[in-house]
């Protein structure tokens, strides 16, 4: 199993945590705070370009859970233990909560927060969504 990639970008008080393999490229981050999230920029996340309140609000809208945050000196807040499942129009099946996913090869992974599962059948990262549904114009 490949090691999970985790990138962190800080403004000193808040650290934006990005897990690229979870990202489904919904672009909510880019549309909400374009001054922070610039896919062509280096680095692509500039946390210093928005207030802590703006960053928290935007990160809460990330449908895949690829974006989370940590406050300086604070422990991460505990998530609601209830598991929820949402069908995203023309997109993935989004499951929020802690999950044990058993893969075809018998290996299992624990997923926390939000996990996006492929519904279009075209993901190269099955069973997880990789955003391919947008490229193939999936409707469902």
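Looking at the structure I just gave you, is residue 98 outside the structural domain of residue 11 (by TED's automatic domain parsing), surrounded by fewer than 18 Cβ atoms within 10 Å (Cβ to Cβ) and touching a residue at least 12 places away in the same chain (Cβ under 8 Å)?
Against the criterion (outside the structural domain of residue 11 (by TED's automatic domain parsing), surrounded by fewer than 18 Cβ atoms within 10 Å (Cβ to Cβ) and touching a residue at least 12 places away in the same chain (Cβ under 8 Å)), residue 98 qualifies.
Identify, please: which residue in the range 104-129 is free of Cβ contacts under 8 Å to residues at least 40 places away in the same chain and touching a strand residue (DSSP E or B) at 6+ places or on another chain (Cβ under 7 Å) and is, among those, surrounded by the fewest Cβ atoms within 10 Å (Cβ to Cβ)? Looking at the filtered set, the residue picked out is 110.
Within the range 85-94, restricting attention to residues that are surrounded by 10 or more Cβ atoms within 10 Å (Cβ to Cβ) and either in a loop (DSSP other than H, G, I, E, B) or modelled with pLDDT under 85 (or both), which residue is farthest from the chain's Cα centre (by Cα)?
In the first step, residues of the range 85-94 are kept if they are surrounded by 10 or more Cβ atoms within 10 Å (Cβ to Cβ); the result is 85-88, 90-94.
Cutting the leftovers down to either in a loop (DSSP other than H, G, I, E, B) or modelled with pLDDT under 85 (or both) gives us 88, 90-92.
Values: 88: 14, 90: 17, 91: 14, 92: 12 Å.
That would be 90.
Considering the conditions (1) more than 14 Å from residue 24 (Cβ to Cβ); (2) touching a helix residue (DSSP H, G or I) at 6+ places or on another chain (Cβ under 6 Å), residue 120 is excluded by exactly one of them, (1).
Within the range 1-18, if we keep just the residues that are in contact with a strand residue (DSSP E or B) (Cβ under 8 Å, 6 or more places away or on another chain) and within 27 Å of residue 108 (Cβ to Cβ), the residue that is surrounded by the most Cβ atoms within 10 Å (Cβ to Cβ) turns out to be 18.
I'm checking my understanding of the structure. Among residues of the range 68-84 that are modelled with pLDDT of 80 or more and surrounded by 11 or more Cβ atoms within 10 Å (Cβ to Cβ), which one is farthest from residue 119 (Cα to Cα)? So, considering only residues that are modelled with pLDDT of 80 or more and surrounded by 11 or more Cβ atoms within 10 Å (Cβ to Cβ), the one farthest from residue 119 (Cα to Cα) is 71.
Going by the conditions given, is residue 24 under 15 Å from the mean Cα position of the chain (by Cα), surrounded by 15 or more Cβ atoms within 10 Å (Cβ to Cβ) and not in a loop (DSSP other than H, G, I, E, B)? For residue 24, the condition - under 15 Å from the mean Cα position of the chain (by Cα), surrounded by 15 or more Cβ atoms within 10 Å (Cβ to Cβ) and not in a loop (DSSP other than H, G, I, E, B) - is not met.
Every condition in (1) in a loop (DSSP other than H, G, I, E, B); (2) surrounded by 10 or more Cβ atoms within 10 Å (Cβ to Cβ); (3) over 14 Å from the mean Cα position of the chain (by Cα) is met by residue 65 except one, and the failing one is (3). Considering the range 35-45, and only residues there that are under 17 Å from the mean Cα position of the chain (by Cα) and surrounded by fewer than 17 Cβ atoms within 10 Å (Cβ to Cβ), the residue that is modelled with the lowest pLDDT turns out to be 39.
The values are calculated or read from the model by the stated rules, or taken from the named source; none is laboratory data. Everything numeric here is computed off the predicted structure, so don't read it as measured data. Positions of Cβ are backbone-derived with ideal geometry, glycine not excepted, and every protein chain shown enters the neighbour counts.
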